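The values are calculated or read from the model by the stated rules, or taken from the named source; none is laboratory data. Computed from a prediction, not measured in an experiment: that's the story for all the values here. Here Cβ is always computed from backbone atoms with ideal geometry, including for glycine, and neighbour counts include all displayed protein chains.
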Amino acid sequence: MLYESLAGPLLFRLDAETAHEEVSGLMALLAVVPGGAALLSALTGRGASGLERTVFGLRFPNPLGLAAGFDKDGRLVSVLPALGFGFLEIGSVTLEPQPGNPRPRLVRVPDARALINRMGFNGDGARAVARRLAAAPRPAVPLGINLGLNKGVSAEDAPAAYARTFRILAEHGDYFVVNVSSPNTPGLRALQAAKDLAAVLETVQEANPARKPVLVKLAPDLADEDFASAVATAERLAQGLVVSNTTLSRDGVPEALRGEPGGLSGAPLRGRATELVRRARALTRLPIVGVGGIESAGDARERLDAGADLVQLYTGLVYGGPRAPKRILRGLEASA
């Protein structure tokens, strides 16, 4: 269609982050134009029905969500549901604003239908995001907020930083994700260790009298015993898991791009992410959000059959275009 024949090739002539900014700018314009979201919904085709489900006490019109990273600062929450998503996750949002790592910091791997990112949690910070969400209509689908950690925050100070970020944003999200999986903030992944993860979750839950669902996002590179320990900690102190994106592995990446630093997302992660969902399901009854390499209805169905309650995509949207979510949903509807 138009994206595949014209818009997509034009965007792929730009560097990846510039292309993302152009798309986000267009969507932000549609968000404020009367009828803009309805137009986007019409252009992206028919959705699907019969896919509703309730997970961690929230009602989802369908199980396909947008993963964190696409809308870091909550600028597009009123228009993104027009693509068909059953829920959105914004962020990662850090307590204080920060510029992230130097550009270029987002690299396409077209042969592998993948991305390598070393963004470094660039964003406006929790207070700015809270003001923006307060001024905007609530999205038509559940809204998750992914919580990150500013660069330079020590392990000792991390629990308080996460809790302060949560407290600022608490009234604006339907669920929250404690992100301890990014490889681009020094020391962050070390917080997946049981003792450190427990300290973070305990402090966040102390700031959560409304008992909003709090999930933990785990990295795909954890050793088996560390993964099991993190899942056990989450089972005691959280309401769900996000499993799992991004990886430091370069399996499936052409030799010329294997030296690019950052986290790899997209198709090469699919097998590992599915395996970890299956492993997590064997370890816990907590709800699981499956993410990593989902690009088709078959990918989504495989992840759901492995034990995920919900699924997310981001890289699949980059390569599949704006029609991808509804195409996936129609496939899930047909296989239901």
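Things to note:
- Contact map, segment 185-198: residues that are of a type in the set (K, R) paired with residues that are not in a helix (DSSP H, G or I), Cβ distance under 8 Å, separation 6+ or inter-chain. Pairs shown: R189/V180; R189/S181; R189/S182; R189/P183; R189/A219; R189/D221.
- Among the conditions (1) at pLDDT 95 or above; (2) within 21 Å of the chain's Cα centre (by Cα), the only one that A199 does not satisfy is (2).
This table checks each residue for (1) closer than 25 Å to V107 by Cβ; (2) at pLDDT 95 or above.
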{"position": "Q312", "(1), (2)": "yes, yes"}
{"position": "V318", "(1), (2)": "yes, yes"}
{"position": "A324", "(1), (2)": "yes, yes"}
{"position": "R327", "(1), (2)": "no, yes"}
{"position": "S335", "(1), (2)": "no, no"}
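- Of residues in segment 118-152 being assigned to a strand (DSSP E or B) and small (G, A, S), the one surrounded by the most Cβ atoms within 10 Å (Cβ to Cβ): G144
- Strands (runs of 3 or more DSSP E) fully within segment 165-259 counting 2 or more residues that are touching a Phe, Trp or Tyr at 6+ places or on another chain (Cβ under 8 Å): 175-179, 214-218
- Among the candidates R303, R327, the residue that is of a type outside the set (S, T, Y) and within 20 Å of F56 (Cα to Cα) is uniquely R303.
- Test result for S249, surrounded by fewer than 24 Cβ atoms within 10 Å (Cβ to Cβ), closer than 17 Å to P63 by Cα and at pLDDT 95 or above: no
- Checklist (1) buried (at least 19 other Cβ atoms within 10 Å of the Cβ); (2) assigned to a helix (DSSP H, G or I) applied to R279, failing item: (1)
- For segment 297-325, the candidate set comprises residues that are surrounded by fewer than 24 Cβ atoms within 10 Å (Cβ to Cβ) and among the charged types (D, E, K, R); within that set, the residue that is farthest from T233 (Cα to Cα) is R323.
- Residue-level analysis places L115 outside the set of residues that are among the hydrophobic types (A, V, I, L, M, F, W, C), part of a loop (DSSP other than H, G, I, E, B) and touching a Ser or Thr at 6+ places or on another chain (Cβ under 6 Å).
- If you go through segment 185-198 and pick out every residue that is more than 19 Å from G240 (Cβ to Cβ) and touching an Asp or Glu at 6+ places or on another chain (Cβ under 9 Å), you end up with 3.
- Sub-7 Å Cβ pairs linking a first residue in segment 126-144 that is closer than 17 Å to A28 by Cα to a second residue that is polar (S, T, N, Q), at least 6 apart or interchain, are A136/S78; P137/S78; P139/S78, ordered by first then second residue.
- Matching entry among I328, I294 (being among the hydrophobic types (A, V, I, L, M, F, W, C), surrounded by 20 or more Cβ atoms within 10 Å (Cβ to Cβ), within 19 Å of G69 (Cβ to Cβ) and in contact (Cβ under 8 Å) with a residue 60 or more places away in the chain): I328
- Residue match in segment 274-282 (condition: touching an Asp or Glu at 6+ places or on another chain (Cβ under 7 Å) and of a type in the set (S, T, N, Q)): yes
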